[in-house]
Amino acid sequence: MILRASDSFGLRRNPPIHRIFKMTEPAKNNSSKETKPELGLFDILIIGFKDLADLLMDIRFAAILLLVMAFATLFGTVLPQSTAPRDTIDPKMVEAFGENLYVKLIKPLGLDHVFSTIWYRFVLLLLVASVTLCAWARTKTVAALSKIKSVLTSEKGVQSLKNYGASQFPDKESALKWIEKEFKGRGFKFFSEEKDGAHHFLGRKNLASKWMLVAMHYSFVLILIGAIIGGLFGWKDMAVIREGETWSRGDGFGSVKLIDYWMEFNAEDFPDELSYFMKMPSDYKSRVQTLDADGNVLNEKIIEVNYPLNFEGLKFYQTAWAFEPLFAIYKNGELANRFMVERDQPFKLGDTDIVLFVPYEQIISGLKVSKNIDGQRTEEKIPPTCIIYEMKLTDQKEGETPVEPVKLAGNGTGIFKEGEKIDFNFGEDKYELVFESMDEYTILEVKRDPGVGIVFFGFLICVIGASWGLMLPYGTARILLTRNVNIWHLDWGVSLAGTADSIRRSANKND
Amino acid sequence: MEGQIPPLVNAEFLSFRIAYIVLLVSTLTYLVYWFFGFKPFRLIGKILFIIGTILVTASIGFRYGHSGRFPLIQSYEVFLLLGWMMLLIALGADRFAKNVFATTFTSFFVAVAMLYIEGHFERSVGDVVPALQSHWLEFHVATIMLSYAAVSVGFLGAEAYLVSRIEWLEEFSYKLTAFGFPFLTIGIVSGSIWAQEAWGTWWAWDPKETASLIMWLVYAAYLHMRLVSGWRGTKAAWMNIIGFLSMLFCFVGLNWISQIFKLQSEHVYSEGTSKMAYFLYMIVAIAVVVFIGGMILRLGKTKLKNDGNQK
């Protein structure tokens, strides 16, 4: 598609700068000494803003903006976003895209954090401005449409609706019956007028759809307002709460106390202990108490994903969890070391240089849930359990070479419950690795978004507007009924192609 | 007894297989009608189409029975749901618009898709992760799939129009897109509300969210140009096809790209990269068939050339 300067792509044919110069040109007939007033900067600004408004109100420009926004969003969808702070180079991105592409194109254009770049936000702002102005312009149009100015029409007027036809009737009554059946039966409401023996009809259907579509456009403004309010006045924090401890946002406010955190496993989906480590738990839950500022218990609730806690205007979402498993090493019966096991971290055996390398795959703690024959829920507590697939003894002085393999706990599966131990020998010493205890934490995301109500209201209007406006389209019909000797000639036209087809089919059937 | 496949699983499997065979035969029957104009073949094709739809419904129903939940979580389930909804939409188009084009090519599209998913996607019922345990799941997925189904059938019309230049095909593709767009809006909105309930963020710029936004923007542009600017014919059909490509990108392509670029998203299916790629190849194959169908129309060898609305 080649765009020419005068292309009627919906853009103005007379760019504002030409109009300004035209207005400042002196009159061609110089007989009069009067000249047109010169335009000041303010006048030029007003004209400029008006032209900008006209441009933003143009439907085709709005469609272009929609596509530009879609194209810009594509970068943010396909490329990894926010993998590193903006002013740093991410080595993984360099590896994925090459230094040239990443440093010279992706980074400068902000394609690795598209949604927070100025240019993306500018396009978004432009789009919302366009939507608002379009909606405003169409509000006036639809309001004008609601007022009937004239019902009178002509054959040309009927045909201007693009979907038209004609029928003949022996008398006026049968013609009116046909109009009743084919048009009013399809939801058109008619206004009529008689002039010079001819009957003029103007019909409308689903005028409310026009209003619904206008409302839908205003809803985007509401959504943006809600988003801005949420962004400016919203608040969030992470509450990492150990069992038995409380979290509060500050003095004078109430607090949330974690009573218990656990994972749930459905008995039929998790038939044995090993399955706990092969699949995801069926749920994660935190039982909490809400306390007032004086520490009195107000309520008790279970928080889980999709079921947050509402408290003091804040919402608490189950986001993550943490465990602190405490292990101890006994050398020849005496405590040599006590440590928190972290995945793949080596630990020294007492005061020797021998390092115990204990990778564990997962830790679980929770409830095994099942339903009995009566459908009642039964629970079986699962003690803190971890799985250790391998243990290595490494002599740090000699490097990372495994020195001696160690027998795994239990029956070789490596499932290790709280209180259990693994015995092993190294040299002439006897060692015991004991899983002593485990602290459990829940991690709740705490948020307040004052704009979300406005956003959801905007969503509601948007959904109603889109559904109503598109499913029940607005239609106009014009009918001209004239008499020619003994025949009544009816010219009809309707804006909806589907309705026109349906009327023609009906007319063919009757013929 | 241990080792025996439960009867409902068997029933699901059987109805699934018979369904795509019936749908393929339905396509052939319709094509005979197209080529030779034998009216009884149109009726037979429709009956077979209805039987195929009932069988797909039964397959979904049996799956619901043995899994204990609505089947709309795993890739296998979602693709089957999409196919089922396309069949229902095509039936609606046949009923209300007397449009036999929709049933012909939708039956072929869905049959081929079912053949594909049978061989490539995991059928065994998977676990429902905690994040999906919400009453919003069914509503959100169903509305999104309905919108995908509508625009997919609309795409078939747009493509056939470009080849055959039969006007009612373009009108048909527009109507289906206009039907699907509100459901897309409802689907995106319901997803946002669900995200707010689950994670406290109604819009997180997740790749799936932004991909659905792209799809919404493209179709919004299409509707604007068609409704307000009066675009018809070739321009509108091409725009419709671009919209369909954006739908494919959102539904399938994103999963593929997520695995290549290691994008983080809550919506990435677990199927491997190669399976998604083959699905895209399948879409291309279907597009080629529709192209051929459009050429047949254009050559004037069928009764559908002048009027798609048959009595």
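Across the stretch B:212-226, what is the total count of residues that are touching a residue at least 40 places away in the same chain (Cβ under 8 Å) and over 14 Å from A:Val68 (Cα atoms)? Final tally of qualifying residues: 3. Within the stretch A:368-422, the residues that satisfy the criterion of being exposed (fewer than 11 other Cβ atoms within 10 Å of the Cβ), among the basic types (Lys, Arg) and modelled with pLDDT of 80 or more are A:Arg377, A:Lys381. Across the stretch A:276-289, which residue is farthest from the other protein chains (Cβ to nearest Cβ) among those that are assigned to a strand (DSSP E or B) and surrounded by fewer than 19 Cβ atoms within 10 Å (Cβ to Cβ)? Among those that are assigned to a strand (DSSP E or B) and surrounded by fewer than 19 Cβ atoms within 10 Å (Cβ to Cβ), it is A:Gln289.
Taking the stretch B:27-81, which residues are among the small types (Gly, Ala, Ser) and either in a helix (DSSP H, G or I) or closer than 30 Å to B:Trp136 by Cα (or both)?
The answer is B:Gly45, B:Gly52, B:Ala58, B:Ser59, B:Gly61, B:Gly65, B:Ser67, B:Gly68, B:Ser75.
Within the stretch A:33-48, can one find any residue that is part of a helix (DSSP H, G or I) and either within 14 Å of chain B (Cβ to nearest Cβ) or of a type in the set (Lys, Arg) (or both)? Within the stretch A:33-48, not a single residue is part of a helix (DSSP H, G or I) and either within 14 Å of chain B (Cβ to nearest Cβ) or of a type in the set (Lys, Arg) (or both).
When the stretch A:149-167 is examined, which residues are found to be closer than 19 Å to A:Pro473 by Cα and not small (Gly, Ala, Ser)? Answer for the stretch A:149-167, where residues must be closer than 19 Å to A:Pro473 by Cα and not small (Gly, Ala, Ser): A:Leu161, A:Lys162, A:Asn163, A:Tyr164. Scanning the stretch A:453-467 finds no residues that are in contact with a Phe, Trp or Tyr (Cβ under 9 Å, 6 or more places away or on another chain), closer than 30 Å to A:Gly231 by Cα and more than 12 Å from chain B (Cβ to nearest Cβ).
Report yes if some residue within the stretch A:180-198 is more than 30 Å from A:Phe75 (Cα to Cα), hydrophobic (A, V, I, L, M, F, W, C), in a helix (DSSP H, G or I) and in the same structural domain as A:Arg483 (by TED's automatic domain parsing); otherwise report no. No: the stretch A:180-198 contains no residue that is more than 30 Å from A:Phe75 (Cα to Cα), hydrophobic (A, V, I, L, M, F, W, C), in a helix (DSSP H, G or I) and in the same structural domain as A:Arg483 (by TED's automatic domain parsing). Comparison of A:Asp112, A:Asp90 shows that the only residue that is without any contact (Cβ under 8 Å) to a residue 40 or more places away in the chain, out of contact with any helix residue (DSSP H, G or I) (no Cβ under 7 Å at 6 or more places or on another chain) and more than 16 Å from A:Phe61 (Cα to Cα) is A:Asp90.
Residue count for the stretch A:311-326, restricted to those that are within 11 Å of chain B (Cβ to nearest Cβ) and under 20 Å from A:Phe233 (Cα atoms): 4. Which count do you get for residues in the stretch B:82-122 that are in a helix (DSSP H, G or I) and in contact with a strand residue (DSSP E or B) (Cβ under 6 Å, 6 or more places away or on another chain)? Looking only at that region, the number is 1.
For (1) touching a Lys or Arg at 6+ places or on another chain (Cβ under 6 Å); (2) farther than 25 Å from A:Gly157 by Cβ; (3) within 12 Å of another protein chain (Cβ to nearest Cβ); (4) of a type in the set (Ser, Thr, Tyr), each residue gets a yes or a no:
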{"position": "A:Pro450", "(1), (2), (3), (4)": "no, yes, no, no"}
{"position": "A:Leu481", "(1), (2), (3), (4)": "no, no, no, no"}
{"position": "A:Ile503", "(1), (2), (3), (4)": "no, no, no, no"}
{"position": "A:Ser506", "(1), (2), (3), (4)": "no, no, yes, yes"}
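Here the stretch A:264-275 is the region considered, the condition is being surrounded by fewer than 21 Cβ atoms within 10 Å (Cβ to Cβ) and outside any loop (DSSP other than H, G, I, E, B), and the residue that is farthest from the other protein chains (Cβ to nearest Cβ) is A:Glu273. Under the condition of being over 35 Å from the mean Cα position of the chain (by Cα), polar (S, T, N, Q) and assigned to a helix (DSSP H, G or I), the residues counted in the stretch A:127-157 number 1.
Quick check, is A:Lys257 under 33 Å from the mean Cα position of the chain (by Cα) and not small (Gly, Ala, Ser)?
Numbers: under 33 Å from the mean Cα position of the chain (by Cα): yes; not small (Gly, Ala, Ser): yes.
Yes, satisfied.
Does the stretch B:152-169 hold any residues that are part of a helix (DSSP H, G or I), among the aliphatic types (A, V, I, L, M) and farther than 10 Å from B:Met86 by Cβ, and which are they? B:Ala158, B:Ala160, B:Leu162, B:Val163, B:Leu169, listed by residue number.
Taken together, A:Gly187, A:Gly197 contain a single residue that is more than 18 Å from A:Ala507 (Cβ to Cβ), modelled with pLDDT under 90 and within 40 Å of the chain's Cα centre (by Cα), which is A:Gly187. Could you tell me which of the residues B:Phe155, B:Phe139 is crowded, with 21+ Cβ neighbours inside 10 Å and more than 10 Å from chain A (Cβ to nearest Cβ)? Selected residue: B:Phe155, the only one of B:Phe155, B:Phe139 that is crowded, with 21+ Cβ neighbours inside 10 Å and more than 10 Å from chain A (Cβ to nearest Cβ). Taken together, the residues in the stretch B:173-200 that are closer than 25 Å to B:Val290 by Cβ, out of contact with any Phe, Trp or Tyr (no Cβ under 7 Å at 6 or more places or on another chain) and more than 10 Å from chain A (Cβ to nearest Cβ) amount to 1.
Taking the residues in the stretch A:434-490 that are among the aliphatic types (A, V, I, L, M) and assigned to a loop (DSSP other than H, G, I, E, B) as candidates, determine which candidate is modelled with the highest pLDDT. Here the residue is A:Leu472. Listed by position, the helices (runs of 4 or more DSSP H) inside the stretch B:201-311 whose residues that are within 8 Å of another protein chain (Cβ to nearest Cβ) and modelled with pLDDT under 75 number at least 1 are B:254-261. Looking for something surrounded by fewer than 17 Cβ atoms within 10 Å (Cβ to Cβ), closer than 28 Å to B:His140 by Cβ and modelled with pLDDT of 95 or more - is there at least one such residue anywhere in the stretch B:36-59? The answer is yes, given that some residue of the stretch B:36-59 is surrounded by fewer than 17 Cβ atoms within 10 Å (Cβ to Cβ), closer than 28 Å to B:His140 by Cβ and modelled with pLDDT of 95 or more.
The values are calculated or read from the model by the stated rules, or taken from the named source; none is laboratory data. Source: prediction; values computed, not measured. Methodologically, a virtual Cβ is constructed for each residue, glycine included, from the backbone with ideal geometry; neighbour enumeration extends over all protein chains shown.
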